[in-house]
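Working notes, beginning with the structure itself.
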Amino acid sequence: MDANIKEKWLKALRSGEYGQWRNALLDTTGDTSNAFCCIGVGYVACKGPIDFGDETYRAAEALGLDSDMADRLAGMNDIQKKSFKQIANWIEAHIPADPALIGNERP
């Protein structure tokens, strides 16, 4: 994963600025405009507004994650109901940052 993306994503997850949403990339009910799943937080913090609907795999790919990792993170967020801080700690420990990818797509 791009080291800059990882750093921004971890900071956003730990910031307390985002509400946590489950079972979807973002709150589509209209009740709040600032609630996302953990992958949605990463996308907004690193890439900008989500303008493509509830497409978790699309957001995950933009962050440099494959579908298996997206499923694992979604499971932590939706099924295990881990907090953003817990998920950030897991990402920090288990998803390596690759300085060679800074500003580049995955090979």
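Classified by the C-alpha gyration tensor, region 3-100 has a rounded form. Its axis ratio a/c, with a ≥ b ≥ c, is below 1.5. Full extension of the chain segment joining Asp31 with Glu92 gains 18.9 nm, where the gain is 0.36 nm per residue of separation less the Cα-Cα distance.
When the Cα positions of Leu25, Ile91, Ala60 are compared along the charge dipole of region 3-100, Ile91 comes out farthest toward the positive end, with charges on each C-beta of Lys, Arg, Asp and Glu.
Going Cα to Cα from Lys85, which aspartates and glutamates come in below 19 Å? Please leave out same-chain ones fewer than 8 positions away. List returned: Glu7, Glu17, Asp71.
Every helix of 4 or more DSSP H residues in the chain counts as -39500 (n - 2.57), and over all residues that averages to -15000 deg cm²/dmol at 222 nm.
3J(HN,Hα) along region 94-99, derived from phi through the Karplus expression 6.51 cos²θ - 1.76 cosθ + 1.60 where θ = phi - 60°, amounts to 10, 10, x, 8, 10, x Hz, with x in place of Gly and Pro. Remark on Trp21: its backbone amide H falls under 5 Å from those of Phe36, Cys37, a criterion applied only to residues 5 or more positions apart or on other chains, H modelled at 1.01 Å from N. Averaged over residues, the count of other Cβ atoms within 10 Å places the peptides 38-47, 58-67 in the sequence 38-47, 58-67, highest first.
Readers should treat all values here as calculations from the given coordinates under stated rules, not as data from a laboratory. Not measured: the values here are computed from a predicted model. All Cβ positions, glycine included, derive from the backbone under ideal geometry; neighbour counts span all protein chains shown.
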